[in-house]
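Student: Sending over a structure as structure tokens; questions will come in a sec.
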Amino acid sequence: MQSAGHITKTPERTSVQAGLTTLLNWRAEYPEALFEVKRHVYTSPNSVFRLNFSADFGTVINGKRCGIHLWNTKKPPLPERLTIGVLSLVKESYPELDNLVVLSLLDSRLLWSVDDTRHVAIGQSISLRIEETILSVEEELETSTKARRTPPAPPHPPA
């Protein structure tokens, strides 16, 4: 809290302080020991992009080993269905955990991964849509680059 007080931009400082307060209150409710969760890089189905996922910490909630990711951002909003889908997809890379969880520091809401193929399919669908978007933009950039005229070479000085 003390170092957060040194943040110069008032809205950012207020947001960080409110988030820390929420986290401290949440930890008082769930005082289990913390543990480190390894970082994982998810590669999209066609290797078009990679997503670096890092839980902020691990802890036990109701007897379940969970990797917790903290969310303290108003925009973009945290869409529940999509968040659960992506968490469920990434969770497949964490056999040592029971769940991946997002803790929203804005409202203390917990969003949990689920072991359900329907939710994993949502995550996969999102991944494929992102790939399509990236490939579409790349194609558009290639087309616009090819469409540009190449400027003529500058004249060479007489020898």
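The values are calculated or read from the model by the stated rules, or taken from the named source; none is laboratory data. Here the structure is a predicted model, which is why all the values come from computation and not from measurement. Using ideal geometry, Cβ is built from the backbone for each residue, glycine included, and neighbour counts are taken over all protein chains shown. Accessible surface is based on the protein model in full, side chains and every heavy atom, while ligands, DNA and RNA are left aside. Shrake-Rupley method; radii C 1.70, N 1.55, O 1.52, S 1.80 Å.
Student: Working carefully through the options Arg13, Arg27, find the one that is outside any loop (DSSP other than H, G, I, E, B), surrounded by 10 or more Cβ atoms within 10 Å (Cβ to Cβ) and modelled with pLDDT of 95 or more.
Tutor: Checking each option against the conditions leaves just Arg27.
Student: Counting only residues that are under 28 Å from Gln124 (Cα atoms) and open to solvent by less than 60 Å² (accessible area, probe 1.4 Å), how many does segment 30-42 have?
Tutor: Residues in segment 30-42 being under 28 Å from Gln124 (Cα atoms) and open to solvent by less than 60 Å² (accessible area, probe 1.4 Å): 4 in total.
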